[in-house]
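Step one of this worksheet: look at the structure below.
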Amino acid sequence: MSKPVQLFCWHFMAYPYLPADFDEQYDSGWITVPNTLWDREKSRGLLNEYIDQLAYADTLGFDGMVLNEHHQNIYGLMPSPNIIASALTQKTKNGKIIVLANLLPLHGNPLRVAEEYAMLDNMSDGRIIAGLAPGGGQETFNYNTPAAIQREQFWEAVDLIHQAWTRDGPFAFEGKHYPLRYVNPWPQPVQRPYPPVWIPGSQSRETMRQVARRGYCYFLSSRLHGGAIAKAREEFAKVLEDAGSKYDPFRMGILMSVYVSETDEQARVESHEGIWYFLKNCLKGHLRNFHGRSLTFGPGVPNMELADYRRVLENTKPGRAMLGDVDDWDALQKAQSILVGSPETVYRQISDLVRETQVGNLLIQFHLGNMRDDLARKSMRLFATQVAPRLRDDSRIAFAGHFPELAGTA
Amino acid sequence: MDAKKRDIDVRGRKVALIEAGAGAPLVYLHGFADVHGVAGDLLPFHQGLTQGHRLIAPAHPGCNGSDEFHQGNRIEDFLFHYCEAFDALGLDRFALAGHCAGGWIAAEYAVRHPERVTRLVLIGASGLFVPGEYIGDIFIHSQPDHGTSLASLRRMLFAADDAPQALRYYPDGRGDLDDEMRRYGMLRFGSAIGFKPPYFYNRSLVDRLYRATMPSLVVWGSDDRMVPVAHGKAYAERLGNGSTLRLVAGAGHAVHLEQPDAVLAQVNPFLGA
């Protein structure tokens, strides 16, 4: 028996009070979406409602809670995820707290990130999973972090944080971007040798190589269907082998969204408003191509090397449909990124996905867009009680079969 | 007119350049809607500069075949790159012209080494901080609207977004692959020098312009929506020996592509061609 598939509850913390005609009236949910739309009265208590949903996930037995960092947008109201993580250290007992991620080039000095994660690791008694990321296109505009040097800055910052947790201080860090004469952070993390580090990537070979070389976990941030995930996993497995390591399901994580209700029909009815709010409003400016301006990736965010960009141009067509461009349930189902249905339906879909991809960390978004608190909780509860146990049982056996070295890790 | 392309080695970095004409040297530093910034070869405006001059047009690092300069992440680094490039070319005293970000670099060079610049020409040059007169965000407008439309980018760079040259170099959807790569290279270079602070300026430059005492000419499109005309006025007022701003009516930021003859009618007499 192997350690089973790890099921994490991800909350994006969307702004839920946009006007009904938002999509017609506004170009984007990101960066330029006017914050005069923020309703101070309705929004009182909103962040606490979201934090409580994550605390509920912990009582339901999820393996952890996931947070992310986004700025100046309606998709995610967590410009500083560490503040939410801090609340979770006090409100939860068991699950991991995954911050995916702190966006390093946005910090004046990444030493601060090493310090804050160390604090959180102490406050949670070793439950922190430390996500580190360079930030996407939006962040270059939000914080004026130059895209051309974003990745170089990022990997130097990763080295600084890693050393801050593992080298005896004080020591000097001779960085190009973050030179420090004295690195000697107090407190140190609880977890030894250092908290697990997860790094998101969207299929870039270079990111995979860096993650493999450093022994971190690779989080595939693109919303892909099973076949494409399996292909990315094969690539990552190969990169790991080249680095003298070996793939196992817990070296990688993927993102999906789920809504579970008693029946397929009921699941669609209950989740309809939240899902379409998420697709048409939250993804406008991000994963939506045919309306508005996607800022996530492209020539205006020139963070890729010239040769890599040429490869992208040679292998893609302009203006391809993205998740936010789907217009009906059938197209949504084909995209395989938002799974909606009865416990049986959702179980089958995820079970197939795990079998096909052999990925062991599933980061699952339950609250979508403006979904009501009671519906999000119901979906989480049905998943935890009727879907998760079966997925765990299946994967204990399947992973042990495919990865003999995991046998006995259950 | 015979234009020659060649690569030179600048302390281990390859710099692609185009040379044409004969006579006193004239260095031209390109912008976005320009040779190297999107076009692979000299355009009619640049060809017109060869009257009486040996035109030398290097491509910025990462652009049109020049190596990227990975050590550089500040305008200062790239200025030194050009000090080294001019040394490698054996240039002592020369006329210097530039458009957009190329004009910025030309102005920065001129205030540092006024003894080497015989004449200075700035066309729609960025580089200055002028309160309330923002230089356009070329990065956000390089992201296609509705998946494929670059209309707003064309509108920023040209007087009209349906001008033939605008559509030739910035078409909707996917353009010519080499054009796309040149555009990308220029955006990457621009991101390294001109993204922080936003966008394409050095707050200190305006107070240093007095050092550029060589004769200078400032040319601007009257409808420039990338670098507002106020920046042209500021250059003209603050350059060492004073200067005159020449506006080209009905032209946008890419004034030299849109109305090459009108710009050449100002530039060539000034250069003594």
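The values are calculated or read from the model by the stated rules, or taken from the named source; none is laboratory data. Quick caveat, the model's predicted, so the values are computed rather than measured. Heads up, the Cβs are rebuilt from the backbone with ideal geometry, glycines too, and the neighbour counts pull from every protein chain shown. For the accessible areas, the whole protein counts, side chains as well, though only heavy atoms, and no ligand, DNA or RNA atoms are used. Shrake-Rupley method; radii C 1.70, N 1.55, O 1.52, S 1.80 Å.
Close Cβ contacts (under 8 Å, 6 or more residues apart or on different chains) running from residues in the stretch B:202-213 that are more than 12 Å from residue B:234 (Cβ to Cβ) to residues that are open to solvent by 70 Å² or more (accessible area, probe 1.4 Å) comprise B:210/B:238; B:213/B:241. Of the numbered criteria (1) out of contact with any Gly (no Cβ under 9 Å at 6 or more places or on another chain); (2) hydrophobic (A, V, I, L, M, F, W, C); (3) open to solvent by 10 Å² or more (accessible area, probe 1.4 Å), the one residue A:31 fails is (1). When A:172, A:148, A:130 are checked against the criterion of being more than 14 Å from chain B (Cβ to nearest Cβ), crowded, with 17+ Cβ neighbours inside 10 Å and out of contact with any Gly (no Cβ under 7 Å at 6 or more places or on another chain), a single residue qualifies: A:130. Close Cβ contacts (under 6 Å, 6 or more residues apart or on different chains) running from residues in the stretch A:158-178 that are within 15 Å of residue A:214 (Cβ to Cβ) to residues that are part of a helix (DSSP H, G or I) comprise A:161/A:113; A:161/A:114; A:164/A:114. The criterion of at least 2 residues that are open to solvent by less than 10 Å² (accessible area, probe 1.4 Å) and not aliphatic (A, V, I, L, M) is met, among helices (runs of 4 or more DSSP H) falling completely within the stretch A:199-310, by A:226-242, A:264-277. Being hydroxyl-bearing (Ser, Thr, Tyr), free of Cβ contacts under 8 Å to residues at least 24 places away in the same chain and surrounded by fewer than 24 Cβ atoms within 10 Å (Cβ to Cβ) is a description that does not apply to residue B:142. Among the conditions (1) within 14 Å of another protein chain (Cβ to nearest Cβ); (2) within 16 Å of residue A:278 (Cα to Cα); (3) open to solvent by 10 Å² or more (accessible area, probe 1.4 Å), residue A:324 misses just one, which is (3).
Each residue in the stretch B:33-90 was checked for being crowded, with 18+ Cβ neighbours inside 10 Å, more than 16 Å from residue B:14 (Cβ to Cβ), over 15 Å from the mean Cα position of the chain (by Cα) and among the acidic types (Asp, Glu), and 0 of them qualify. Among the residues making up the stretch B:59-71, those that are more than 9 Å from chain A (Cβ to nearest Cβ) and closer than 12 Å to residue B:190 by Cα are B:60, B:61, B:63.
Restricting to the stretch B:67-110, give me the number of residues that are among the polar types (S, T, N, Q) and in contact (Cβ under 8 Å) with a residue 60 or more places away in the chain.
Residues in the stretch B:67-110 being among the polar types (S, T, N, Q) and in contact (Cβ under 8 Å) with a residue 60 or more places away in the chain: 1 in total.
Taken as a whole, the structure places residue A:41 among residues that are in a loop (DSSP other than H, G, I, E, B), more than 19 Å from the chain's Cα centre (by Cα), among the acidic types (Asp, Glu) and modelled with pLDDT of 95 or more.
Of the residues making up the stretch A:315-341, those that are under 23 Å from the mean Cα position of the chain (by Cα) and touching a residue at least 40 places away in the same chain (Cβ under 8 Å) are A:323, A:324, A:326, A:332, A:334, A:335, A:336, A:337, A:338, A:339, A:340, A:341. Checking each residue of the stretch B:244-253 against the condition of being within 14 Å of another protein chain (Cβ to nearest Cβ) and over 17 Å from the mean Cα position of the chain (by Cα) gives no match. Checking A:74, A:83, A:128 one by one, the residue that is under 19 Å from the mean Cα position of the chain (by Cα) and within 23 Å of residue A:361 (Cβ to Cβ) is A:128 and no other.
Residue-wise test of (1) under 29 Å from residue A:235 (Cα atoms); (2) open to solvent by 10 Å² or more (accessible area, probe 1.4 Å); (3) in contact with a Leu (Cβ under 8 Å, 6 or more places away or on another chain); (4) among the hydroxyl-bearing types (Ser, Thr, Tyr).
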position	(1), (2), (3), (4)
A:348	yes, yes, no, no
A:356	yes, yes, no, no
A:361	yes, no, no, no
A:367	no, no, no, no
A:372	no, yes, no, no
A:375	no, yes, no, no
A:385	no, yes, yes, yes
A:400	yes, yes, yes, no
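Of the set (1) without any contact (Cβ under 8 Å) to a residue 60 or more places away in the chain; (2) open to solvent by 10 Å² or more (accessible area, probe 1.4 Å); (3) in contact with an Asp or Glu (Cβ under 9 Å, 6 or more places away or on another chain); (4) not β-branched (Val, Ile, Thr), all apply to residue B:150 but (2).
Cβ-Cβ distances below 9 Å connect the following pairs, each with a first residue in the stretch A:36-63 that is in contact (Cβ under 8 Å) with a residue 40 or more places away in the chain and within 30 Å of residue A:3 (Cβ to Cβ), a second residue that is among the β-branched types (Val, Ile, Thr) and in a helix (DSSP H, G or I), and a separation of six or more residues or different chains: A:50/A:84; A:51/A:84; A:54/A:84; A:60/A:385; A:61/A:385. Among residues of the stretch A:194-212 that are under 12 Å from residue A:132 (Cα atoms), those with a beta-carbon under 8 Å from a residue that is among the basic types (Lys, Arg) and modelled with pLDDT of 95 or more at least six positions away or on a different chain give the pairs A:197/A:214.
Within the stretch A:90-102, being open to solvent by 10 Å² or more (accessible area, probe 1.4 Å) and either aliphatic (A, V, I, L, M) or more than 30 Å from residue A:37 (Cβ to Cβ) (or both) holds for A:90, A:93, A:94, A:96, A:100.
Answer yes or no as to whether residue A:313 is open to solvent by less than 40 Å² (accessible area, probe 1.4 Å) and not in a helix (DSSP H, G or I).
Criteria not met by residue A:313.
Helices (runs of 4 or more DSSP H) fully within the stretch B:151-201 that include at least 3 residues being more than 15 Å from the chain's Cα centre (by Cα) and more than 9 Å from every other protein chain (Cβ to nearest Cβ): B:151-157, B:164-169.
The one condition from (1) assigned to a helix (DSSP H, G or I); (2) within 11 Å of chain A (Cβ to nearest Cβ); (3) touching a Gly at 6+ places or on another chain (Cβ under 6 Å) that residue B:147 does not meet is (1).
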